[in-house]
Amino acid sequence: MSSLPADGFAAFIWRSLRCPTGGPGDARAAKRFAAGENRPAIHIEPVEAPAAKGFSGLRETKPILAVRDLAKTVPGGRRLFSGLDLEVKAGELVAVVGESGSGKSTFLNILAGLDDGDSGEVVVDGTATGGLDERGRTELRRTRIGFVFQAFHILPYLTLRQNVALPLALVSGDAAAIESQADAKLAAVGLGDRGGSYARDLSGGELQRVAIARALVHEPALILGDEPTGNLDPETAGRVLALFAGAVREGDAAAVIVTHSRSVAAVADRVLTLTSNGLSDADRAR
Ligand SMILES: Nc1ncnc2c1ncn2[C@@H]1O[C@H](COP(=O)(O)OP(=O)(O)O)[C@@H](O)[C@H]1O
Ligand SMILES: [Mg+2]
């Protein structure tokens, strides 16, 4: 687990979901949310929810994710990769493997608009992230992207139900509908009876499942996972993988999952290796 203090978790996950108008009062707003005070107190302006099914016709013909000629150098000057190209269509699950430090987490952060490449282009569900300001990226993440972070980032002062409800609560105000969707997703990861619990009461594997429920609850077009089954026993990992595969194949989503797990690779349509020259077919790279 990360050693970040509670407010560090809050800042990170809030940064990934919030509008810039949230400002430094975000952690306090989250606590008010946890205390059951009315959700508009979060001071986040609603954005229009995507018409999930309305996009499916479009998704059949267009890739959900298109990456062209992406390059990334980290501070200090080390080039992680260049010439990276990738297209992922609706209904496709791509696994990415690679040595530790090769840039897998950095790559996912760039896909989610949390980081930038030096050059190249990332297009998510028809929108080029490079052309968006911070607010536009936030809206894209909230409505189109589900991200399972390597360190989970479950907010400790929200119940599990509230954590899972967060992506929905930021978009719509119908509290009863949101709660039942959050509960359904918790049940789908085997934690249906734990909605009122807090992160401190859960094991690492259980927290990971909460993170997965939160990433899928708003039916995102693009699912990104950073070692999403790394803390799970094989049986639970299998169940969680079935959830990802279901979201991808039935929900018309695309997924990019960074993994070392053979079982993830087994359900993936393609397994790609990240090297300094970009992504290549895992079999050929060996
Ligand atoms: N902001 C940063 N400043 C300096 N180095 C960084 C930064 N972000 C990532 N790195 C370095 O880039 C490399 C790739 O990191 P990461 O994407 O986490 O790799 P992976 O997920 O494949 O293990 C690592 O050597 C890491 O230390
Ligand atoms: Mg990593």
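Go through region 141-195 and report how many residues are away from ligand 1 (no atom under 16 Å from the Cβ) and in contact (Cβ under 8 Å) with a residue 24 or more places away in the chain. Looking only at that region, the number is 37.
Only a single item in (1) in contact (Cβ under 8 Å) with a residue 40 or more places away in the chain; (2) polar (S, T, N, Q); (3) in a loop (DSSP other than H, G, I, E, B); (4) within 21 Å of Ser105 (Cβ to Cβ) is not met by Thr229, and it is number (1). Among the conditions (1) in contact (Cβ under 8 Å) with a residue 60 or more places away in the chain; (2) among the β-branched types (Val, Ile, Thr); (3) near ligand 1 (Cβ under 10 Å from one of its atoms), Val124 misses just one, which is (3). Kindly evaluate Gly246 against the criterion of being more than 15 Å from Val148 (Cα to Cα) and either within 17 Å of the chain's Cα centre (by Cα) or in a helix (DSSP H, G or I) (or both). When the stated conditions are applied, Gly246 passes them.
Per-residue answers, yes or no, for (1) within 16 Å of ligand 2 (Cβ to nearest atom); (2) in contact with a strand residue (DSSP E or B) (Cβ under 7 Å, 6 or more places away or on another chain); (3) over 30 Å from Arg79 (Cβ atoms):
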position	(1), (2), (3)
Asp233	no, no, yes
Thr236	no, no, yes
Phe244	no, yes, yes
Asp269	no, yes, no
Gly278	no, yes, no
Ala282	no, yes, no
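Among the residues of region 195-218, not a single one is part of a helix (DSSP H, G or I), among the aromatic types (Phe, Trp, Tyr) and on the phi < 0 side of the Ramachandran plot. Among the conditions (1) in a strand (DSSP E or B); (2) surrounded by 15 or more Cβ atoms within 10 Å (Cβ to Cβ); (3) away from ligand 2 (no atom under 16 Å from the Cβ), the only one that Leu224 does not satisfy is (3). Selection within region 84-107: residues that are surrounded by 19 or more Cβ atoms within 10 Å (Cβ to Cβ) and within 17 Å of Ser261 (Cα to Cα). The member of this set that is farthest from ligand 2 (Cβ to nearest atom) is Leu93.
Look through region 70-83, keep the residues that are charged (D, E, K, R) and in a strand (DSSP E or B), and return whichever of them is nearest to ligand 2 (Cβ to nearest atom).
Lys72
Might you let me know whether region 85-96 holds any residue that is on the phi > 0 side of the Ramachandran plot and more than 16 Å from ligand 1 (Cβ to nearest atom)? There is at least one residue in region 85-96 that is on the phi > 0 side of the Ramachandran plot and more than 16 Å from ligand 1 (Cβ to nearest atom).
Pairs linking a residue in region 98-119 that is touching a residue at least 12 places away in the same chain (Cβ under 8 Å) and among the hydrophobic types (A, V, I, L, M, F, W, C) to a residue that is assigned to a helix (DSSP H, G or I) and near ligand 2 (Cβ under 10 Å from one of its atoms), with Cβ atoms under 9 Å and 6 or more positions apart or on different chains, are Leu114/Leu108.
Can you tell me which residue among Arg79, Arg68 is within 16 Å of ligand 1 (Cβ to nearest atom), more than 23 Å from Pro228 (Cα to Cα), surrounded by fewer than 18 Cβ atoms within 10 Å (Cβ to Cβ) and modelled with pLDDT of 95 or more?
Going through Arg79, Arg68 in turn, just one is within 16 Å of ligand 1 (Cβ to nearest atom), more than 23 Å from Pro228 (Cα to Cα), surrounded by fewer than 18 Cβ atoms within 10 Å (Cβ to Cβ) and modelled with pLDDT of 95 or more: Arg79.
Take region 108-137 and flag every residue that is more than 15 Å from Ala221 (Cα to Cα), under 15 Å from the mean Cα position of the chain (by Cα) and away from ligand 2 (no atom under 11 Å from the Cβ). Scanning region 108-137 gives Ile110, Leu114, Asp115. Only a single item in (1) within 16 Å of ligand 1 (Cβ to nearest atom); (2) in contact with a helix residue (DSSP H, G or I) (Cβ under 9 Å, 6 or more places away or on another chain) is not met by Gly101, and it is number (2).
A quick yes/no check of all residues on (1) crowded, with 21+ Cβ neighbours inside 10 Å; (2) closer than 18 Å to Val96 by Cα; (3) touching a Pro at 6+ places or on another chain (Cβ under 9 Å); (4) of a type in the set (D, E, K, R):
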| residue | (1), (2), (3), (4) |
| --- | --- |
| Gly196 | no, no, no, no |
| Val210 | yes, no, no, no |
| Asp233 | no, no, no, yes |
| Leu241 | yes, yes, yes, no |
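Filtering Arg270, Arg262 for residues that are touching a residue at least 24 places away in the same chain (Cβ under 8 Å) and either away from ligand 1 (no atom under 16 Å from the Cβ) or charged (D, E, K, R) (or both) leaves a single hit, Arg270.
The values are calculated or read from the model by the stated rules, or taken from the named source; none is laboratory data. The structure displayed is predicted, hence computed values, not measured ones. So basically every Cβ, Gly included, is an ideal-geometry build from the backbone, and we count neighbours across all protein chains shown.
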